[in-house]
Amino acid sequence: VSTQSTGEPEVARAMAEERRTCYYEVLGVENSVDEDGLRKAYKRAALVWHPDRNMHQQELATVKFKEIRNAFEVLIDPNERAWYDGHKEEILRGGTGTGAGNSDELDINLWGFMNSTCYDGFGDDDKGFFAVYAEAFDQLDGEETQFSAGSDSEDPAPHFGNSTSAWDEVSRFYGHWDNFVTRRAFGHADKYNLKEMPDRRHRRAAEAENKKARTAAKKKANDHVRQLAAFVRRRDPRVKRRQEELAEQKLVRDKEVQAAKAAKAEAHAAERVRQQEEMAEFYREMEAEAGGDQDQMMDQECDTAVEAEELYCVACRKSFKNAKQWENHERSKKHLKVVAELRRELEADDLEMEDVPEPKLAVESEEDGGQGGCA
C-alpha cells in the first residue's frame with residue numbers, strides 16, 4: 001500500500017526531471033565515453049530499470065527505462081551526439097521559444113520533441129509517434145506561415161501523415177523539412193540599436209554587426225529544425241520499412257545479375273565445348289583422309305603440279321597460284337602490252353621470211369638430172 005501511495009509522486013518527479021537530466025548522467029558515464037562504454041552502461045542501466053524487473057514500481061520503471069533508452073539512442077548516434085554536445089546547456093535549461101516576447105522566436109519548444117519520451121509507441125493514437133509529430137510540424141509550419149505574407153512561398157508544408165501513408169507522401173515531407181529555410185527576420189538577434197548610434201559611420205558598422213547576428217541566428221534556427229527532422233526520420237517506422245524494401249529489391253537485383261552472369265558463363269562454356277568437338281571431328285576426318293589411298297594423293301599432287309604449270313605466262317615469264325590471279329593477269333595492261341609487242345615481233349619475222357627467194361628451179365633441175373641419170 002505504501003508503494004502505491006508514493007508511486008504517483010515519484011513518477012511525476014521522474015517525468016519532470018527527465019527533460020533536464022544530462023544524458024551522460026542518465027547512463028552514468030563521462031562525456032568522453034566511447035561507443036563500447038556506452039553500450040555497457042546502457043545494458044547495466046537497462047537491467048536495473050527494466051519494467052519486468054520492477055513489478056512493484058512498474059510505472060516508474062517504465063518512465064526510467066524510456067529515459068535510459070532515449071539517452072542511449074541519442075549518444076550512440078554520432079550526429080545526434082554531436083548536436084546534443086553542442087546544445088546541451090540550452091537543452092537542460094529548457095530550450096528556446098519560451099515566450100520571451102520576441103515576435104520572430106518560435107512559440108513551439110523543439111527541444112521537447114527531440115526526445116523519444118515525448119511519444120508513446122508507434123501507433124496512430126493521440127499520444128503515438130505520428131500524432132505527436134504531425135501536430136508539432138503543423139504548428140511549426142503555422143508559425144512560419146505568419147511570416148510569408150506577400151511572398152511566393154505561401155503553400156503549406158507537406159503533412160507528416162500516419163502509419164499507413166504512402167512513401168511518396170513521406171518522401172515529400174522529409175524533402176521539405178530536411179531543406180527547411182525559415183522566413184523569420186530574427187530582429188531580436190540585433191546587438192545594437194541603430195537609433196542610438198551617434199553618426200552615419202557608427203550606424204553602418206552597427207548595421208553590419210546586426211546583419212551578421214541575424215544571419216547566425218537564422219542559420220541556427222534552420223539547423224535546429226533540420227536536426228529535428230533528422231531525429232524523427234531515424235525513428236520513423238515508414239522510413240525503416242522503406243529501407244528494408246530497398247534492401248530487398250537490391251538483393252533481388254543482385255540475384256538476377258548473378259543468375260544472368262552464371263547463365264552467360266554456362267552458355268560460353270557450352271559454346272567452347274561445341275567448338276572443341278567440331279575441331280576434334282575435323283581432325284578425325286583429316287586423319288581418315290590422310291590414311292586413305294596414297295595413289296589418289298599422288299594423282300592430286302600431279303594434278304596440282306600440272307595446274308601450277310598451266311598457270312604460267314610465257315610472255316611475261318610469271319607463274320600464278322590460282323585461276324583468279326591468272327585471270328587478273330590476263331586482263332592487266334602490262335600483260336596486254338607484252339603480248340602486243342610479242343605479236344609484232346612474230347609478224348615482222350614472218351615478213352622477212354616472205355622476202356627470201358625460194359630455190360625451186362635448182363631443185364627441180366637437180367631432181368630432173370637425177371632422174372635422167374638414173375634412167
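The values are calculated or read from the model by the stated rules, or taken from the named source; none is laboratory data. Remember, it's a predicted structure, so these values are computed and weren't measured experimentally. Cβ atoms come from the backbone with ideal geometry, glycine included; neighbour counts cover every protein chain shown. Heavy atoms of the whole protein, side chains included, go into the accessibility calculation; ligands, DNA and RNA do not. Shrake-Rupley method; radii C 1.70, N 1.55, O 1.52, S 1.80 Å.
Details
- Computed from the C-beta positions of residue 338 and residue 288 and an R0 of 35 Å, the FRET efficiency is 0.15 to the nearest 0.05.
- Long pairs among 88/195; 66/240; 240/264; 211/240; 40/240; 43/219, criterion Cα-Cα beyond 32 Å: 88/195; 240/264; 211/240; 43/219
- With the simple model of a label 7 Å out from the Cα in the direction of the Cβ, residue 208 to residue 314 spans 11.1 nm.
- Cβ-Cβ FRET estimate between residue 145 and residue 117, R0 fixed at 22 Å, reported to 0.05: 0.15
- Rounded accessible area of residue 330 (nearest 10 Å², 1.4 Å probe): 80
- Interchain or long-range residues, amide H under 5 Å from residue 318's placed H: 313
- Nitroxide proxy distance, nm - points 7 Å out along Cα→Cβ at residue 243 and residue 281: 5.9
- Our estimate of slack between residue 349 and residue 176, defined as 0.36 nm per intervening residue step minus the Cα-Cα distance, is 51.4 nm.
- For the range 118-272: Kirkwood Rh in Å [reciprocal of mean 1/r, alpha carbons]: 19.9
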